[in-house]
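Undergrad: Would you mind keeping the following structure in view while I ask a few things?
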Amino acid sequence: MDRPSSSAEHGVEARGVTRAFGTVPALRGMDITVPYGQVTALVGPNGAGKTTLLLILATLLAPDAGHIRVAGHDLRADPEAARVHLGWMPDVFGVYDQLTVDEYLAFFADAYRLPAAERPRRIRALLALVHLEEYLGQPVHVLSRGQKQRLGVARSLIHKPRVLLLDEPASGLDPRSRVELRDLLRSLAAEGVAVLVSSHVLGELEEMADRVVLVDHGRTVGEHRMGDLAGAARPRWRVRALDPGGLAAALDGRPEVGEVSELPGGCELGPLTEAQAAGLLADLVARKVPVVEFGPATGALESVYLAMTENRR
Ligand SMILES: Nc1ncnc2c1ncn2[C@@H]1O[C@H](COP(=O)(O)OP(=O)(O)O)[C@@H](O)[C@H]1O
Ligand SMILES: [Mg+2]
């Protein structure tokens, strides 16, 4: 867990956020910190409350309770001041199909009262940033889903926000667009922006995020630095050997290796921590098992996530 520190250092600082829809308690006490210069991932299963929390942080939905500061401004006391620094990309956003790509961005530049003289240069720079320059003057409806998503990112950046909130930005993107999105968010973080990105797809976050906030049933259940996860995780492990029979014999009758299931050329076993896995590998090598592959079967984030959601059942 990160130590809580003064909110001036963070893009978002939220404590004890609650919100019910009628009798449905969507948020039951969420805590989240989004530091400047980092990408923070908001991770949890469907219905965990990610979208509700993001709508509240974006000042589009009022919380029932909680203390929230965005870019140093108390959301309850001064939402206008927070909004100046906030970029928001919803999970589904209306695209104005009849507009051209640059008209679309000009519309939002207007909404954010960007000086008219700055507008054309800003729009060109944003289109370059999201690799859509060649669509200048083209109608929005010619864009693919991934390209529309990138246009959405451009739109959220029009006023150079210091805090950027994105709800499931990678859903429906092809692998190449995901890599580009990751690079874009990383470069924004490198410029000092506080980026918060929600997802229930874990693989893509592993390389994108510096920190992860795990949420479930409307509560924050964990806050970790990505680098710490590998140590905290207890994944299953995939082992292959030139002599699968010898490997199976070496593992036989050893409950400490967990549940062993057969795979072509080897097996999957565990869950084991990294330290336990290292001990097992050393032992197999000492017994002259010709191991050719030994690695985690799932990413660190996925195994922490699976353990978290399992504990809650
Ligand atoms: N406008 C709404 N009216 C009623 N219930 C809602 C509304 N929005 C969300 N919920 C409920 O709140 C919970 C959290 O939803 P949501 O924030 O969308 O989760 P997530 O984005 O993590 O999938 C769910 O149980 C959902 O059904
Ligand atoms: Mg959602």
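Undergrad: Within the bounds of segment 174-184, is there any residue that is polar (S, T, N, Q) and within 15 Å of the chain's Cα centre (by Cα)? Even if it seems obvious, please write down each step before you answer.
TA: Filtering segment 174-184 down to residues polar (S, T, N, Q) leaves 177.
Still in the running and within 15 Å of the chain's Cα centre (by Cα): none.
Checked against the condition, which is being polar (S, T, N, Q) and within 15 Å of the chain's Cα centre (by Cα), segment 174-184 yields no hits at all.
Undergrad: Looking at VAL201, is it open to solvent by less than 10 Å² (accessible area, probe 1.4 Å) and over 22 Å from ALA128 (Cβ atoms)?
TA: Working: open to solvent by less than 10 Å² (accessible area, probe 1.4 Å): no; over 22 Å from ALA128 (Cβ atoms): yes.
No.
Undergrad: In segment 172-189, is there at least one residue being within 14 Å of ligand 1 (Cβ to nearest atom) and either in contact with a strand residue (DSSP E or B) (Cβ under 7 Å, 6 or more places away or on another chain) or touching a residue at least 24 places away in the same chain (Cβ under 8 Å) (or both)?
TA: Within segment 172-189, the first condition is being within 14 Å of ligand 1 (Cβ to nearest atom), and the residues that meet it are none.
There is no residue in segment 172-189 that is within 14 Å of ligand 1 (Cβ to nearest atom) and either in contact with a strand residue (DSSP E or B) (Cβ under 7 Å, 6 or more places away or on another chain) or touching a residue at least 24 places away in the same chain (Cβ under 8 Å) (or both).
Undergrad: How do the pairs read when you match residues in segment 29-48 that are of a type in the set (Ser, Thr, Tyr) with residues anywhere that are within 15 Å of ligand 1 (Cβ to nearest atom) and assigned to a strand (DSSP E or B), using Cβ under 7 Å and keeping only pairs 6 or more apart or on different chains?
TA: So the pair list comes out as THR40/LEU196; THR40/VAL213.
Undergrad: Continuing with the same structure: Report, by residue number, each residue of segment 237-275 that is open to solvent by 60 Å² or more (accessible area, probe 1.4 Å) and in contact (Cβ under 8 Å) with a residue 40 or more places away in the chain.
TA: Correct list: ARG238, ARG240, LEU242, ASP243, GLU274.
Undergrad: Name the single residue that is nearest to ASP183 (Cα to Cα) among those in segment 125-172 being open to solvent by 10 Å² or more (accessible area, probe 1.4 Å) and of a type in the set (Ser, Thr, Tyr).
TA: So, considering only residues that are open to solvent by 10 Å² or more (accessible area, probe 1.4 Å) and of a type in the set (Ser, Thr, Tyr), the one nearest to ASP183 (Cα to Cα) is SER171.
Undergrad: Still on this structure: So which strands (runs of 3 or more DSSP E) stay within segment 32-101 end to end and still have 3 or more residues that are over 20 Å from ILE158 (Cα atoms) and either open to solvent by 40 Å² or more (accessible area, probe 1.4 Å) or touching a strand residue (DSSP E or B) at 6+ places or on another chain (Cβ under 8 Å) (or both)? Break it down into steps so the answer makes sense when it comes.
TA: Details: elements: 39-43, 65-70, 86-89.
The qualifying strands (runs of 3 or more DSSP E) are 39-43, 65-70.
The values are calculated or read from the model by the stated rules, or taken from the named source; none is laboratory data. Worth saying up front: this structure is predicted, and the values here are computed from it rather than measured. Ideal geometry is used to build each Cβ from the backbone, glycine not excepted, and the neighbour counts take in all protein chains shown. For the accessible areas, the whole protein counts, side chains as well, though only heavy atoms, and no ligand, DNA or RNA atoms are used. Shrake-Rupley method; radii C 1.70, N 1.55, O 1.52, S 1.80 Å.
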